[in-house]
Structures are given as C-alpha cells and as structure tokens.
Amino acid sequence: MLSRPVWPQLEGIAFGGDYNPEQWPREVWQQDVELMRKAGVNLVTVGMWSWSLLEPTEGDFDFAWLDELLDLLHDHGIAVDLGTPSAAPPAWFFARYPHTRVVTADGVSLGFGSRGMVSPHAPEYHEAIVRMASKLAERYADHPAVRMWHVHNEYGAPVAEDHSDNAARAFRAWLKDRYGDLDALNAAWGTAVWSQHYRDWDHINTPGTAPSVVNPAQKLDFARFTDAALRKCFILERDVIRARASQPITTNFMANQHWGIDMWAWADEVDLVSDDHYLVAEDEDAHIGLSIAADLTRSVAGGKPWLLLEHSTSGVNWQPRNVGKRPGEMARNSLAHLARGADGIMFFQWRAARHGQEKFHSAMIPHAGTDSRVFREVCQLGADLRKAAPLKGSSVKADVAMLWDFQSFWAQDLEWRPSVDLTHKSQIRAYYERLWRDGITVDFVLPGHDLTGYKFVVAPAQYMLSEADAHNLNSYVASGGVLVAAPFTAAVDENDAVHVGGYLAPLEPALGVRVEEYLPLRKRASVNVQLGDSNVGATIWTEHVEPTSAEVRGTYVDGPVPDKAAITRNAHGKGVGWYISTCLSARELQRVVEQVYADAGVRPADLPADVELVTRIGEDTAYTVAINHSEQKVSLPLAGIDLLADEEISHTLELERGKVAIVSHPHPLIDELNRKENT
Ligand code: GAL
C-alpha cells in the first residue's frame, strides 16, 4: 500500500462542484473550463454518473472521452475529484443480472431508469465495481489532474435496505458472526415474545412487511447489517484504488438527510471526510440545521478539516416547495461551513441540466446563463474563498459536547414508541438551537467517547444506552463534568430491551432520579413547569420522576403529574447531572441552561439575535467568522483584519444585514502565553 495524504494537493480552499460534461456537447466543455477559471474553480468532481459510457457493454471499456476531459481540465489548471460510477449501474447490468435489484420490504423489485437501485449484497455487483474501480485506478492514478478519489455517491440514498434473496443470505451470515449461536440471538432479540424462537438459521429472514410490527431488535440489527454491508462495498472499491493510487479517497456523507449510515464508523474508513448539505426549505432558520450538519461532519472527522462536497447555489428540485436562496444566502451558507471547519466548498452542480430528473435544480451556471445573479455570486464567492485561504488547516475548538448516536436514532425511529411526537431530530434541534443562539460551539460525540475537557455534555436524544456507555457518562460527572439529559434518555440497552431497574436506571448515579412512568401528552397539549417564581410551557411528553438524590429545580404545575419533579439537579462526585423530563423549546430552555452554564463555568456570548460567530484557530492566528443572518446591521466587539473587506478593525466590526466578515486576530491563548513569559 502507498502512504497517502489526507487532503488533496490543491492551492487554497477547494472550490467547485459536480461536473457532468457527458450531458453536453464538446463546445460547451470548452466554455465550461474558461468559465470555471473566471469563477475561481479549482476542483471538480467527474465520473460518478458515467458507467454506461465507460463500460458500454460488459467488459468493454471506453476511456477516450474521459482522457480528453481530464486533459482539458488539467490544461486549464482545474483539479479533479475522480468519481467511481458504482451508484448507477447501466441497463445491460440489470438485464444480465436481474436478481441484483433492490427488493423492498413489501417484496417489490425496484426498476431501472433511476439510480441507486442495486443490491449492495449481490456478488455480481461486487465483481463489477471492483473491475471498474481497478480500471479507473490503473488508468488515472498518475494523471496530474486527479487529486482525489470519490467512491460511489451518498451510500444509503435513495434506498439502503434491501430484502432480496442475496440480502437474506448475507444477513444470516452477519448474524452468525455477531451471535455465534442461536441461543444468543434468541436472547438478544427477545424471541420469547410472540413465539418467535429460532431453531434454524435458515428460518431467519430480513424484517419484511408483516401483519403487525416486526421485532424491533431484529430491525435494529438489520439496520446495523445494512450499514456494514454498504461500508463493505466502499472498502472493496477503496482498496483496489489504494493499491494503485496515492491520492486521498473519500465518499460523500449526508449529515442532515440520510441517517442510515453510521458516519462515526465510516469516518474511520475514508482518508478525508466529506459531506453534502441541502437546506430544509420549510425551516425558516435553516442555517441552524446547516450548523448542526457542519459541526457533526467536523466531529466525525475527529476535528480535522473536511470537505463540503455538495450544496446548492439556490433551490433544489426534490423538496415539496423548493425555495430559492435570497441574495447573499449562498455566501452565508458557504462561509458558515468554512467557519465550522470545511476547507473546501463545492456544489451540485456546475451547469444546470437541461434534461432529466434534476433540471429544476439550481447550479453554479443556471439555465439563465452567466448574466445572472447566481453566477455573479458564484464568482464573488470564488474571490472570497481565495481571500480566506489562510484559514486552511486551522481548527475549531468546542468546550461543549452533544451526544449523537446514529444507532440510538435507528432504534428510536422504530414503531410503537410512547409518542410519535418525541423525535431525536426535534430534541437535538431544540438544545442545539439554544446553544447556537448563545454563541456556544459544540462538538458531537458518542456516549462512549472520552469526554474529558468538555465543560458540559448534553444528551438530547440518547434513547438507547449500553451499560458501558452509561458508566462512561457517570464517570465523566463524578470527575467534575456536567451532564444534561433530556426525556426518554437511556430507556433501553443495545438490543432495544428496557434496562433492568427501569428507564434511566444506568444513569441513576449521575442524575439521582428514577423514572416511574413515561406520560406523553395529547397532540397540541401543553403543561406548565414552575421554575423559580415563574412558569415555562412544555409540550409532547412528561414523566413521573422520583428523585433519589437529586434536588428538584422545576415542578409540573399541571398535566399528568402535578407537583412532581420535572427538572432536577444532582450533585455527583465533583460534577453535576441535570435531568429535564419534558420537551422545552429553544426559547423555553434558556432559563434552564442559564443554570447549567453557571455549573459548568461557561459564559454565553452576548450576541445580537441571529448572528453566528465561530472561531477557527491556526498556528499563531485565530479567525473569527461573523455571519449576520438578521435583517439589521449589527456591531460586534472584534478587532483585527477583515480578510474579505481587506480592512483593519480597531475595536468594533460593523456588519451589514446578511453580510459575513472573517476577522483574523492573534489567538487569545497565544496572547496569554506571551503575557506570562513577559511577567
Ligand atoms: C445529492 C446527490 C447529487 C444530486 C443532489 C441534488 O443528494 O448526491 O447527485 O442529486 O443531491 O440535490
């Protein structure tokens, strides 16, 4: 194996997008490369949707057009992120191997004419993708334009789970490996319920549609198996590329859309972490969702710089109402990703498609052409990113962590939970938004991670928690940490079985409460919680909580358990555990988190509304990115050099509505060290 860099060899911040020239005649290619130069593009992704051109019939390869394209890009100084086309096998493949199609839980075999319809468990698919990846690697490993590899596209989207015969066979093999014998499987799945004992491996199937709800432990294992099988496909391609090529290899995650893959496990397999992000148009504060995705991506990357591989210049085409971006919004989005650790800003796609499913999706060159607001903003962004080059390689430091556990989300999403209204997405959003509005940057972590150094840790949606992970959280608190847990925490273990001792039992040392009963509310109902001498409104969910050692800080005024504890604080060892047993909005959470901040010694930033402030720390300089999402001009106490405006700021940054500044200034810690040396 060759040793490999973790970042593509490129000057400055990566800037560009998906490029699909196979949809255009040659004269457009020439215009494209010239316009890319004008816009400051230095990297494009090609080849992801080209299988039917690269291998027109089985075993016959045609690379002439790709040779020509890579040479053209290289001649114009544009580097290439070379995609492998495994997300869309050609028509001949399905005609020849019809049983490689994905089968749904209802037994429907998914047809051709779309993408992502191949079973990740089919041996013929494995053979075909390995053959293609090795041909590409042989031919292009030494091409000077190729600076990174991009395997597949968004594993798990549009469908991850497959119920074909290939899938069932592979599932049984995976289960044998996990459990060793059927007794262990029967115990883990709790098959005594509804007479499900298995006495023969061949009787086990994928959890397809059944008359009633299917065993949740089986479904959870199926989700784990699917994730592992997709990862195996990635590794197959990655390893044949690695054997020949020295450039870094990635695949694009989708932190905010598709949660069927466990990004933590995948991050260990890629050389560099990359993400695709699309705003949720219905969300009026979609930039907060963007921050969640960016912080999550940085966190799974272990704090190392990551690459935004796709986002949109304006509206997308696949949401019910595809709201376009307002002037300046694309720059705010791009620079928010940069602020949160991205060293590259890319789009889907370079030129809007005339044909097909995605023709109404925005692009760097829209259908209106280059005399357009969008293209002008793209060129401006290219220029801004050149000015932001000093940020490359700098990192983001967060004092606060939030738990994010994909497997727990998969389990929570299964059927027959106490309330459909309590979702991990909404819980994470409420807590994250509170911290975002208080100017506090968070890292996401798994409950088993080393939490030392975090001033507090929030668990907004840790429904599933193993004993070992609970031990880690209890120890974190005992040694001085502050833990905040939200409702429905630690209900079950890793097999989706309720903890012995009841809900939350493994966290009793840290939190000092027992939960007797979950008491969800009717749709749109609310309750009041008395906090000090006033009330806050809560919705969706309440619990009957009995403190064992915690003090009560908030009490239900009404609802199913009036006068009982709603919010508690527990001193444990050198630290503190908070339990919030109901759903509070980001606004209502303010009065609770104020007390958490005091416990943790965290000072929230006194920011004007809707202003985002994040600092990246370089070797001897820090860069504070200030983004004004509001409709008002704001003044911020910042001094340094505004890299974008190329202006010195002596003590106050005046930031117009909708604008972004990147202020470089000495790193406060370095300042402190200098002061110490001089005294
Ligand atoms: C992504 C996908 C791209 C494009 C884009 C449109 O999920 O990777 O190929 O389809 O969505 O928003």
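The values are calculated or read from the model by the stated rules, or taken from the named source; none is laboratory data. Note that the structure is predicted; figures quoted are calculated from it, not measured. Note that each Cβ is placed from the backbone with ideal geometry, even for glycine, and that neighbours are counted across all protein chains shown.
Overview of values
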| read-out | value |
| --- | --- |
| Pairs with Cβ under 8 Å, 6+ apart, first in the range 139-167 and within 16 Å of Ile261 (Cβ to Cβ) and of a type in the set (A, V, I, L, M, F, W, C), second more than 16 Å from the ligand (Cβ to nearest atom) and part of a helix (DSSP H, G or I) | Val151/Ala133; Val151/Glu237; Val151/Arg238; Val151/Ile241; Ala160/Thr226; Ala160/Asp227 |
| Subset tally (residues that are at pLDDT 95 or above, surrounded by fewer than 23 Cβ atoms within 10 Å (Cβ to Cβ) and not aliphatic (A, V, I, L, M)) for the range 251-275 | 6 |
| Selection from the range 271-292 of residues that are assigned to a helix (DSSP H, G or I), of a type in the set (A, V, I, L, M) and either touching a helix residue (DSSP H, G or I) at 6+ places or on another chain (Cβ under 8 Å) or over 20 Å from Ser362 (Cα atoms) (or both) | Ile288, Leu290, Ile292 |
| Test: residue in the range 25-40 that is hydrophobic (A, V, I, L, M, F, W, C) and outside any helix (DSSP H, G or I) | no |
| Residues (of a type in the set (D, E, K, R), surrounded by fewer than 23 Cβ atoms within 10 Å (Cβ to Cβ) and either closer than 25 Å to Asp405 by Cβ or within 13 Å of the ligand (Cβ to nearest atom) (or both)) located in the range 285-324 | Asp285, Lys304, Glu310 |
| Selection status of Leu307, within 30 Å of Pro668 (Cβ to Cβ), of a type outside the set (S, T, N, Q) and either in contact with a Cys (Cβ under 8 Å, 6 or more places away or on another chain) or assigned to a strand (DSSP E or B) (or both) | yes |
| Search result, residues across the range 415-458 that are under 23 Å from Ala598 (Cα atoms), among the small types (Gly, Ala, Ser) and part of a helix (DSSP H, G or I) | Ala430 |
| Residue selected from the range 271-284 under the condition more than 16 Å from the ligand (Cβ to nearest atom) and either closer than 18 Å to Arg231 by Cα or polar (S, T, N, Q) (or both), by the criterion nearest to the chain's Cα centre (by Cα) | Leu272 |
| Residues being small (Gly, Ala, Ser) and part of a strand (DSSP E or B) - total across the range 66-100 | 2 |
| Residues of the range 598-627 classified as in a strand (DSSP E or B) and in contact (Cβ under 8 Å) with a residue 40 or more places away in the chain, total | 13 |
| Selection status of Ala363, among the aliphatic types (A, V, I, L, M), within 16 Å of the ligand (Cβ to nearest atom), under 14 Å from Val316 (Cβ atoms) and surrounded by 20 or more Cβ atoms within 10 Å (Cβ to Cβ) | yes |
| Contacts under 9 angstrom Cβ, first residue in the range 239-258 being within 16 Å of the ligand (Cβ to nearest atom), partner assigned to a loop (DSSP other than H, G, I, E, B) and of a type in the set (Asp, Glu), 6 or more apart | Thr250/Asp271; Thr251/Glu154; Thr251/Glu269; Asn252/Glu154; Phe253/Glu154; Met254/Glu154; Gln257/Glu154; His258/Glu154 |
| Candidate set from the range 531-567 (those that are assigned to a strand (DSSP E or B) and under 31 Å from the mean Cα position of the chain (by Cα)); member that is nearest to Asn474 (Cα to Cα) | Ile567 |
| Qualifying residue in the range 182-194 (condition: small (Gly, Ala, Ser), away from the ligand (no atom under 16 Å from the Cβ), surrounded by 15 or more Cβ atoms within 10 Å (Cβ to Cβ) and within 22 Å of Pro120 (Cα to Cα)) | no |
| Filter result for Glu329 (within 20 Å of the chain's Cα centre (by Cα) and surrounded by fewer than 23 Cβ atoms within 10 Å (Cβ to Cβ)) | no |
| Pick from the range 1-44, criterion β-branched (Val, Ile, Thr) and out of contact with any strand residue (DSSP E or B) (no Cβ under 9 Å at 6 or more places or on another chain), ranking: surrounded by the fewest Cβ atoms within 10 Å (Cβ to Cβ) | Val6 |
| Count of residues meeting criterion [more than 25 Å from the chain's Cα centre (by Cα) and in a loop (DSSP other than H, G, I, E, B)] in the range 369-414 | 4 |
| Residue among Val102, Val193, Val80 that is β-branched (Val, Ile, Thr), touching a strand residue (DSSP E or B) at 6+ places or on another chain (Cβ under 6 Å) and at pLDDT 95 or above | Val80 |
| Search result, residues across the range 41-65 that are farther than 21 Å from Arg115 by Cα, part of a helix (DSSP H, G or I) and either within 16 Å of the ligand (Cβ to nearest atom) or free of Cβ contacts under 8 Å to residues at least 40 places away in the same chain (or both) | Ala64 |
| Of all residues in the range 125-163 being within 16 Å of the ligand (Cβ to nearest atom) and among the β-branched types (Val, Ile, Thr), the one that is farthest from Arg101 (Cα to Cα) | Val151 |
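To keep it simple, each residue is scored yes or no on (1) surrounded by fewer than 19 Cβ atoms within 10 Å (Cβ to Cβ); (2) within 26 Å of the chain's Cα centre (by Cα); (3) at pLDDT 95 or above; (4) closer than 30 Å to Lys392 by Cβ.
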{"residue": "Gln590", "(1), (2), (3), (4)": "yes, yes, yes, no"}
{"residue": "Val593", "(1), (2), (3), (4)": "no, yes, yes, no"}
{"residue": "Val611", "(1), (2), (3), (4)": "yes, yes, yes, yes"}
{"residue": "Glu619", "(1), (2), (3), (4)": "yes, no, no, yes"}
{"residue": "Ile627", "(1), (2), (3), (4)": "no, yes, yes, yes"}
{"residue": "Gly640", "(1), (2), (3), (4)": "no, no, yes, yes"}
{"residue": "Ala645", "(1), (2), (3), (4)": "yes, no, yes, yes"}
{"residue": "Ile662", "(1), (2), (3), (4)": "no, yes, yes, yes"}
{"residue": "His665", "(1), (2), (3), (4)": "yes, no, yes, yes"}
